[in-house]
Amino acid sequence: MTIDHIAADRPAGGTRLRYACLTLCALPLLAGCSSGGTEQHDAAPPPPPNEAAILNDASPQSIIDTYRRGGLQVSNDHDTTATACGEAHCQAAAATDQVTVMQFSTTREATTYHQTHPETFLVENIVVTLPSATPADARAQYEHLTTMAVE
């Protein structure tokens, strides 16, 4: 064989070198795809970037029930979704003689409502309204139990 003949049998332009580089670059990617790793991935996709995630399944009624179990006054509880949510654009609402609890579809919507109603307090997608005459210690208890119910 002549030298020209041997050179003709080899791939031109360093193809072997390119294949070797591609193989070395692809190994870390392929290793990350193995099923033997301990890393877990969430099945649910992340929320759209313009929406805040809802991290709880608390409803207004379940929060009122939490107040009751916590020893707070919650008399005359009733669903106010039909009357409160039209104007507030909430998902659900319930009220007692002492407190009103509204649930919004997203934390962003709840925050918007809370910002325009500074007498309320906000926990994720839940907004709670207490009468201005509510004593500070009772207000603190309602806020604490709301946080507990939502988390």
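A short reminder: the numbers here are calculations on the coordinates, not readings from a lab. Remember, predicted model here, so these are calculated numbers, not experimental data. Here the Cβ is made from the backbone with ideal geometry for all residues, glycine too, and neighbour counts use every protein chain on show.
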Item to check | Sites D79 and A140 - FRET efficiency at Förster radius 35 Å, r taken between beta-carbons, to 0.05 | outcome: 0.85
Item to check | Amide H contacts under 5 Å for A92, placed H, 5+ residues apart | outcome: Q103
Checklist entry - At a Förster distance of 22 Å, what's the computed FRET efficiency of R69 paired with S105, Cβ-Cβ distance as r, to 0.05? => result 0.25
